[in-house]
Amino acid sequence: MNSPQSLSLRQELSFENLSDVSLDISIVTYNSFKWLAKFFDSLASQRIPLKQIRLLVRDNGSTDGSIAWLQNFQQEQQHNYLEISVEAGANVGFGKGHNANLAKAQSPFFLVTNVDLEFEPDTLVELLIQACADGPDVAQWECRQKPYEHPKHYNPVNGDVLWCSSACALFRTEAMRKVGGYEPLLFMYGEDVELSYRLRDNGYRLRYVPKATVWHYTYEEAAQVKPMQFLGSTYANVLLRCRYGSRHQVIGGAIMYLGLLAVPQSFPGQRRGLLKNGLKLLRSAPVFLRTRRKSHQPFPFRLWDYEMPREGSFHAYPEKTGDEPKPLVSVLTRTTPGKTGRLAEAVASVAAQTYSNIQLVVVEDGGNTAQAFMDEVRGYGVLSEVTYLPLPKMGRCAAGNAALAAARGELLCFLDDDDLFYADHLEVLVDAWQKRPELGAVYSLAYQVRTEVISAEPWIYREIEHSLLYRQQFNRYVMWHHNYLPIQTVLFKRSLFEQYGGFDPDLENLEDWNLWVRYSLHHDFEMVHKVTSLYRVPAKAEMAVGRQKMLDDYYAKAQEKHAQLRADISPVEVLSAAQQLSRDIYVTLIPAKQVRKFILQVPSLRWLYHPLRKFAYYVRRVRNR
C-alpha cells in the first residue's frame, strides 16, 4: 500500500532534477507515414530537452514512404537530439523490432512507443519524475491514453498495476534486459501482457502514471473490432495461459479458442485466420509450457482479457484547447481519530488527480491526531489549497456540515476516509458538468469493494471482491424511493448547499440520501457511464448484515424527513413517476393495460377478460383496506 512518504518523495523531484537523465526512445514503424509528422512534432514540444533523447528507430519493411521520411528526418534533426539511429529491415513484428532497439540502448530508461499517438507537453517529464522517485523494484511505467483510456483496474493510491500496455510505456533498461525483452514468438498483440507478467514473475512492480498522457488514435470509432487485433490477442491469450495460468486456465483457453470457430464471424476471414493461428499454437504451446512461471504472483485471466476491466472504457475524453476554465473543486473528507492510515490513502487518491484546481478539506471529528500528516500534505505542492479542521466530537453530520461551510469551490465532492478516487474522477465529472452547467450535479459509477480489515492502524486490509451495483440513470422518483448514489460519486454545485442546506443532524446514517433527495427536488442530475471511484463494505457476512440492518432502521427515519418535503409536480408527471417506478423498482410487475391488450389480441384467451377484471378489482380492494 502507498504511504504519505512516497507521495512527498515524488513531489520533491522536479523538472530541474532531470537535467542529467538521458532517455532512449524506441520506435517501430510499419507503413506509418501518415502518423510520423504529428508524432515527432509532439515529441519536439516536450519540456525535456531533445539533447537528452536518443531516438532508436526500426522500420519493419514499410512500403508507403516511411523509410524515406525517417531518413530525411534523421539528416535534418540529428544535431537536435543526443542521437538518431534509423534501421530498416524485414517485418519481424512489434516485439522483435523493439528488442533490436533495446540492444542499442545506452540510457537508464527505455521508452517504447507507438507512432499513431501524440504526446502532451508534460508526458515525458511526468514519466521520468515518477521513474526517478520509484525504487529499483519498479521496472515499468505506463502512460494514460486518450481519447479512450485503457480500461483495466489499477491501485488508485500508488498506481500499481498487474500489466502495462506497450502503446507508450517507460522501462528500466536494466530490468528489461535482465528478463530478455519481448517474447519473440508473439508477433503482434499480447506481447506487452507477457512482458509485464514476466517482469512481475521476476520480482518487479509495474506502475500506471495517469498524469503522463498520450493521445492514441488506435480506434476509428468506439468498440471497433480490428481483425489483426482479434486474431493476435486470442492467439497470445492461449499461449500466456500455457506459461502463467493454472491447469484449468490452460484447458479453458484451448476450449475457448475452439469455441471461436463455432460462433458467427465478426469480419470476413475470421475462421480462416483462427485455423491458421491454431496450427501455430500447436507448435508454440510446448515452448510456453516448458517455461512455466517461477513465482506465486497473481497472473489473472478473465476470458479473453486479463486484469479486471474498469467499466466505461469507451467514455471519450474531450479534446483540450488549453484555455478551458478550471473551476475550483472542493473535496470534503470526514475522518475520526486513529484512522490516519486510511486517511492517507484517500488523500493520496486526491493528490493523484489529473484535474489540477482542487481544495482539500479534511474534518477530523473528535481530535487532532491527523495534524502532523495534514501539515505534510500542505507541503506536497500538488493541491491548490489544503484546509484541516480538528473538531470536538460532534458526529458525522456536523463534521460534514463543517466541511461544506469551509468549502470555497464552485463544485463540491465528498470523499470519506475509507473511499478512493481513481485518478480521472474529478476530470471526468467536471468535463460532464461543463457541458451542461445548468445541472445541479453529475455522478459516475463506483465499485463496491468487499474488504477484510486486518489492522485499522496501521491500515492493513485485503480486497476480496469488486462489484458494480449501481448503473441507474438519473431518475428523481427512483431517488425518492431509495439511494443509488454512493456519496463519493457525486459532484454538485456549492450553490445547492447555500440554497438548501447541508446534512440533517438528526440522521447519523443515510444523511447523504436525504441530501440528494432535497437537492433533486428542483435540480436535475446526470450520470457519466464510467467507474471513477470505489467504496468499501465489510467482507464478513455478519458484519455486512449488521450494517444493512442499521441502514434499514434509518430508512424509516429518513422517510419521515422526506415526508416533510414538498415537490411541485403535475398530474401527468405523477403518472410518469408511477410508470418509471414500476419499471425501475419491480422485477415482475406487468401493467394491467398491457395484459388486457394481450388478451384481446389472442382470440382463444378473450374469455379471460371479464374474470381477470373482477380478480384485479378484488385485489385492489383488499390492498386498500
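The values are calculated or read from the model by the stated rules, or taken from the named source; none is laboratory data. Keep in mind the model is a prediction, meaning the values are calculated, not measured. FYI the Cβ positions are ideal-geometry reconstructions off the backbone, even for glycines, and counts take in every protein chain you see.
For region 162-209, what are the residues that are surrounded by fewer than 24 Cβ atoms within 10 Å (Cβ to Cβ), in contact (Cβ under 8 Å) with a residue 40 or more places away in the chain and either small (Gly, Ala, Ser) or not assigned by TED's automatic domain parsing to the domain that holds Pro136 (or both)?
Ser166, Ala167, Gly181, Gly190, Gly203 - these are the residues of region 162-209 that are surrounded by fewer than 24 Cβ atoms within 10 Å (Cβ to Cβ), in contact (Cβ under 8 Å) with a residue 40 or more places away in the chain and either small (Gly, Ala, Ser) or not assigned by TED's automatic domain parsing to the domain that holds Pro136 (or both).
Does region 547-555 contain any residue that is in contact with a strand residue (DSSP E or B) (Cβ under 7 Å, 6 or more places away or on another chain) and either farther than 30 Å from Ser313 by Cβ or in contact (Cβ under 8 Å) with a residue 12 or more places away in the chain (or both)?
Within region 547-555 (the criterion being in contact with a strand residue (DSSP E or B) (Cβ under 7 Å, 6 or more places away or on another chain) and either farther than 30 Å from Ser313 by Cβ or in contact (Cβ under 8 Å) with a residue 12 or more places away in the chain (or both)), the answer is yes, since at least one residue qualifies.
Within region 259-277, track down each residue that is in a loop (DSSP other than H, G, I, E, B) and in contact with a Leu (Cβ under 7 Å, 6 or more places away or on another chain).
Keep residues of region 259-277 that are in a loop (DSSP other than H, G, I, E, B), which gives 261-269.
The one that is in a loop (DSSP other than H, G, I, E, B) and in contact with a Leu (Cβ under 7 Å, 6 or more places away or on another chain): Leu261.
When Ala370 is evaluated against the numbered criteria (1) within 30 Å of Lys530 (Cβ to Cβ); (2) of a type in the set (Gly, Ala, Ser); (3) surrounded by 19 or more Cβ atoms within 10 Å (Cβ to Cβ), which criterion, by number, is the only one it fails?
Condition (1) is where Ala370 drops out.
May I ask you to verify whether Lys549 is in a helix (DSSP H, G or I), at pLDDT below 70, at negative phi and surrounded by fewer than 13 Cβ atoms within 10 Å (Cβ to Cβ)?
no
Of the residues in region 255-271, how many are within 30 Å of the chain's Cα centre (by Cα) and either outside the structural domain of Gly232 (by TED's automatic domain parsing) or without any contact (Cβ under 8 Å) to a residue 40 or more places away in the chain (or both)?
Residues that pass the stated criteria total 2.
Which one of these does Gly409 not meet: (1) over 18 Å from Trp516 (Cα atoms); (2) touching a helix residue (DSSP H, G or I) at 6+ places or on another chain (Cβ under 9 Å); (3) at pLDDT below 95?
Of (1) over 18 Å from Trp516 (Cα atoms); (2) touching a helix residue (DSSP H, G or I) at 6+ places or on another chain (Cβ under 9 Å); (3) at pLDDT below 95, only one is false for Gly409: (3).
Of all residues in region 479-526, which are β-branched (Val, Ile, Thr), farther than 16 Å from Arg396 by Cβ and outside any strand (DSSP E or B)?
Going through region 479-526, the residues β-branched (Val, Ile, Thr) turn out to be 487, 489-490, 517.
Now restrict to residues that are farther than 16 Å from Arg396 by Cβ: 489-490, 517.
The answer is Thr489, Val517.
Which residues, taken from region 524-558, are out of contact with any Asp or Glu (no Cβ under 7 Å at 6 or more places or on another chain) and hydrophobic (A, V, I, L, M, F, W, C)?
Across region 524-558, the qualifying residues are Phe525, Met527, Val528, Val537, Ala541, Met543, Ala544, Val545, Met550, Leu551, Ala556, Ala558.
Mind listing whichever residues of region 330-368 are closer than 25 Å to Glu427 by Cβ, of a type in the set (S, T, N, Q) and either without any contact (Cβ under 8 Å) to a residue 60 or more places away in the chain or assigned to a helix (DSSP H, G or I) (or both)?
Scanning region 330-368 gives Ser349, Ser356, Asn357, Gln359.
Return the only residue of Ala558, Ala539 being in contact with a strand residue (DSSP E or B) (Cβ under 7 Å, 6 or more places away or on another chain), touching a residue at least 24 places away in the same chain (Cβ under 8 Å) and of a type in the set (Gly, Ala, Ser).
The match here is Ala539.
Every residue in region 375-397 that is on the phi < 0 side of the Ramachandran plot and of a type in the set (Gly, Ala, Ser), please.
Gly379, Ser384
So which residues in region 68-92 are farther than 26 Å from Glu183 by Cα and among the hydroxyl-bearing types (Ser, Thr, Tyr), if there are any at all?
Across region 68-92, the qualifying residue is only Tyr81.
Take Tyr555 and decide whether it is in contact with a helix residue (DSSP H, G or I) (Cβ under 9 Å, 6 or more places away or on another chain), in a helix (DSSP H, G or I) and modelled with pLDDT under 95.
So Tyr555 fits the description; yes.
Can you find a residue in region 11-30 that is over 21 Å from Met176 (Cα atoms), surrounded by fewer than 17 Cβ atoms within 10 Å (Cβ to Cβ) and touching a Lys or Arg at 6+ places or on another chain (Cβ under 7 Å)?
yes
Scan region 476-493 and give yes if some residue there is modelled with pLDDT of 95 or more, closer than 29 Å to Thr340 by Cβ and charged (D, E, K, R), otherwise no. Don't jump to the end; show me each part of the working.
So in region 476-493, the residues modelled with pLDDT of 95 or more come out as 485-493.
Those left that are additionally closer than 29 Å to Thr340 by Cβ: 485-492.
Remaining after also requiring charged (D, E, K, R): none.
No.
Across region 384-441, what is the total count of residues that are touching a residue at least 40 places away in the same chain (Cβ under 8 Å), of a type in the set (Ser, Thr, Tyr) and surrounded by fewer than 20 Cβ atoms within 10 Å (Cβ to Cβ)?
Residues that pass the stated criteria total 1.
Against the definition (in contact with a strand residue (DSSP E or B) (Cβ under 7 Å, 6 or more places away or on another chain), of a type in the set (Asp, Glu) and not in a strand (DSSP E or B)), how does Glu311 come out, yes or no?
Numbers: in contact with a strand residue (DSSP E or B) (Cβ under 7 Å, 6 or more places away or on another chain): yes; of a type in the set (Asp, Glu): yes; not in a strand (DSSP E or B): yes.
In short, yes.
Just one of Val490, Val517, Val528 is closer than 26 Å to Val572 by Cβ and among the aliphatic types (A, V, I, L, M); which is it?
Testing whether each residue is closer than 26 Å to Val572 by Cβ and among the aliphatic types (A, V, I, L, M) leaves just Val517.
Specify which of the listed residues (Ala346, Ala316, Ala285, Ala352) is surrounded by 23 or more Cβ atoms within 10 Å (Cβ to Cβ) and more than 21 Å from Arg408 (Cβ to Cβ).
Values: Ala346 fails: more than 21 Å from Arg408 (Cβ to Cβ); Ala316 fails: surrounded by 23 or more Cβ atoms within 10 Å (Cβ to Cβ); Ala285 fails: surrounded by 23 or more Cβ atoms within 10 Å (Cβ to Cβ).
That would be Ala352, the only listed residue that is surrounded by 23 or more Cβ atoms within 10 Å (Cβ to Cβ) and more than 21 Å from Arg408 (Cβ to Cβ).
In region 530-551, is there at least one residue being in contact with a Gly (Cβ under 7 Å, 6 or more places away or on another chain) and in the same structural domain as Lys393 (by TED's automatic domain parsing)?
Yes, region 530-551 contains at least one residue that is in contact with a Gly (Cβ under 7 Å, 6 or more places away or on another chain) and in the same structural domain as Lys393 (by TED's automatic domain parsing).
With the requirement that a residue be β-branched (Val, Ile, Thr) and farther than 11 Å from Cys164 by Cα, what does region 178-203 give you? Outline the logic, then answer.
Step one: list which residues in region 178-203 are β-branched (Val, Ile, Thr), which gives 179, 193.
Result: Val179, single match.
Which of the residues belonging to region 369-383 are touching a Ser or Thr at 6+ places or on another chain (Cβ under 8 Å) and free of Cβ contacts under 8 Å to residues at least 60 places away in the same chain?
Thr369, Ala370
Any residue that is within 29 Å of His153 (Cα to Cα), of a type in the set (D, E, K, R), touching a residue at least 12 places away in the same chain (Cβ under 8 Å) and not assigned by TED's automatic domain parsing to the domain that holds Ser455 - is there at least one of those in region 311-318?
Yes, the conditions are met somewhere in region 311-318.
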